[in-house]
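Please read the structure below before turning to the comments.
The values are calculated or read from the model by the stated rules, or taken from the named source; none is laboratory data. Computed from a prediction, not measured in an experiment: that's the story for all the values here. With ideal geometry, Cβ positions are generated from the backbone for all residues, glycine too; neighbour counts draw on all protein chains shown.
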Amino acid sequence: MRILIHGINYAPELTGIGKYTGEMAAWLVAQGHKVCVVTAPPYYPEWKVALGYSTSYYKHEDIDGLYVWRCPLYVPAKPSGLNRIMHLASFSLSSLPIMIRQILWKPDVVIVVEPPLFCAPSAWLVARLSRAKCWLHIQDFEVDAAFDLGIIPYAWMKHMASAIERWVMRRFDAVSTISHSMLNSLRKKGVDEPILFPNWSDISSMRFDGSGRTLFRAKLGVGEGQCLCLYSGNIAVKQGLEILLEVAEKLPDFRFVICGDGVNRKALQDEVDRLELANIAFLPLQPLERLPAMLSAADIHLVIQRRGAADLVMPSKLANILAIGGPAIVTVEEDSELGRLAEGDNPCVFRCDPENAEKLETAIVQLYGNKDMVEKISINARVYAEQQIDMERVLGKFEQSLRDLVEH
């Protein structure tokens with residue numbers, strides 16, 4: 001098949017949507033498909049364009065038989081509601097001529113990844129003009145999240161944006177998303193038969209690494225008798241990581257590592273310095289080859305989210321945590337999809353209420369002190385990863401869905 005992929009985030013971004021879109025494209029090429037990607041220069045989660053790329057000009061790359069177009073865009077140093085809209089709109093406009101050009105390439109299917117929703121109309125148009133099928137894949141409900149989390153405070157815009165979103169979604173031949181709760185949201189938005197296409201982990205390489213654990217902890221100066229709590233991922237508004245500072249202040253004998261980047265990192269570091277919290281360390285995002293060692297080094301993984309975010313966005317970091325059998329505390333509501341992973345006789349995670357420092361502190365102490373529970377969660381997490389989010393299984397099923405769509 002000839003597959004055209006349109007999305008603002010792509011490899012070599014190490015986290016979030018760019019990581020998954022990059023792995024998907026590379027996997028499809030490995031299966032013998034011809035793939036073209038129209039994307040932006042890498043900038044996330046730092047909100048700064050990587051060295052070797054520019055916000056001002058187009059760039060074409062041929063990466064192991066995979067054709068990538070990089071389109072210029074506006075990248076705000078401090079993203080807020082209005083300049084986020086400008087950021088997304090700039091990519092949608094700059095990528096339009098490159099997308100139109102791909103009509104001559106005659107793709108069999110056009111896949112657009114949301115966010116941003118701004119790109120969906122041009123992807124749909126190119127698909128129709130080239131007589132291709134069009135597939136919309138939703139990683140985040142950006143419209144709902146932007147309003148519910150207060151990123152965009154203009155309530156008058158919500159009705160209009162939601163109406164446009166519903167209209168656009170119903171134009172596509174296939175619409176997919178990454179969790180069951182998000183499938184339900186799609187049905188409420190008028191999509192009759194949404195498809196589950198979850199984020200994945202390469203479980204063949206993402207395994208517990210005992211020797212890597214020892215070395216990683218030694219570099220951090222953490223002994224085997226000390227609890228290491230790890231947050232790894234984006235450092236932005238929707239995470240609400242300020243809560244970790246409150247907990248770390250009350251648990252001086254526990255070590256906390258925040259690994260990642262994002263718009264709130266500097267403010268968080270400044271606050272750690274102000275409070276003189278010696279038990280919190282910051283690390284940059286780790287390359288893929290070092291990820292199993294870092295994840296294995298943690299005694300407890302912290303998947304922190306604000307109230308109301310659990311069913312709007314699914315934290316991509318959780319897939320690799322589950323794959324290495326990491327005991328994770330997720331701060332989500334009990335009736336959310338993530339919360340239900342903590343239920344029953346075979347819990348995969350440990351849950352506590354969001355935005356509650358006291359309960360998070362209690363959860364950390366309780367889980368670390370219960371070795372049987374840690375072992376049970378670790379075993380269940382790995383089994384869940386093998387059965388539900390194995391990369392080969394997930395992408396193989398996706399490929400078959402693409403074939404079925406193109407052939408009918």
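Return yes or no: is Leu277 assigned to a loop (DSSP other than H, G, I, E, B), assigned by TED's automatic domain parsing to the domain that holds Ile300 and more than 21 Å from Pro42 (Cβ to Cβ)? So Leu277 fits the description; yes. Counting the residues of region 121-142 that are part of a helix (DSSP H, G or I) and within 19 Å of the chain's Cα centre (by Cα) gives 1. Cβ-Cβ contacts under 7 Å between residues 6 or more apart (or on different chains), taken from a first residue in region 341-370 that is crowded, with 21+ Cβ neighbours inside 10 Å to a second residue that is outside any loop (DSSP other than H, G, I, E, B) and of a type in the set (Lys, Arg), are listed as Cys352/Lys359. Given the structure, is Glu61 of a type in the set (Asp, Glu) and surrounded by 14 or more Cβ atoms within 10 Å (Cβ to Cβ)? Against the criterion (of a type in the set (Asp, Glu) and surrounded by 14 or more Cβ atoms within 10 Å (Cβ to Cβ)), Glu61 does not qualify. With the structure loaded, tell me whether Phe282 is aromatic (Phe, Trp, Tyr) and buried (at least 21 other Cβ atoms within 10 Å of the Cβ) or whether it fails that test. Criteria not met by Phe282.
Conditions tested, residue by residue: (1) farther than 29 Å from Val383 by Cβ; (2) within 23 Å of the chain's Cα centre (by Cα); (3) outside the structural domain of Asn9 (by TED's automatic domain parsing); (4) modelled with pLDDT under 95.
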position	(1), (2), (3), (4)
Gly221	yes, no, yes, yes
Gly225	no, no, yes, yes
Ile235	yes, yes, yes, yes
Leu245	yes, no, yes, no
Gly260	no, yes, yes, yes
Val263	yes, yes, yes, yes
Leu268	yes, yes, yes, yes
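Here the condition is being at pLDDT 90 or above, over 28 Å from Ala319 (Cβ atoms) and crowded, with 19+ Cβ neighbours inside 10 Å; of Val112, Val191, Val126, Val175, it holds for Val126 alone. Restricting attention to region 60-77, the residues that are touching a Phe, Trp or Tyr at 6+ places or on another chain (Cβ under 8 Å) and either of a type in the set (Asp, Glu) or touching a residue at least 60 places away in the same chain (Cβ under 8 Å) (or both) add up to 2. As a summary of the residue check, Val383 satisfies the conditions (1) surrounded by fewer than 20 Cβ atoms within 10 Å (Cβ to Cβ); (2) of a type outside the set (Ser, Thr, Tyr); (3) closer than 22 Å to Asp140 by Cα except for the one numbered (3). Restricting attention to region 12-26, does a residue exist that is on the phi < 0 side of the Ramachandran plot and either outside the structural domain of Phe118 (by TED's automatic domain parsing) or more than 17 Å from the chain's Cα centre (by Cα) (or both)? Yes.
Residues in region 214-231 that are surrounded by 18 or more Cβ atoms within 10 Å (Cβ to Cβ) and over 17 Å from Pro287 (Cβ atoms): Arg217, Val222, Cys227, Leu228, Cys229, Tyr231.
Helices (runs of 4 or more DSSP H) fully within region 342-408 that include at least 2 residues being among the charged types (D, E, K, R) and either assigned by TED's automatic domain parsing to the domain that holds Phe172 or in contact with a Pro (Cβ under 9 Å, 6 or more places away or on another chain) (or both): 371-388, 391-407.
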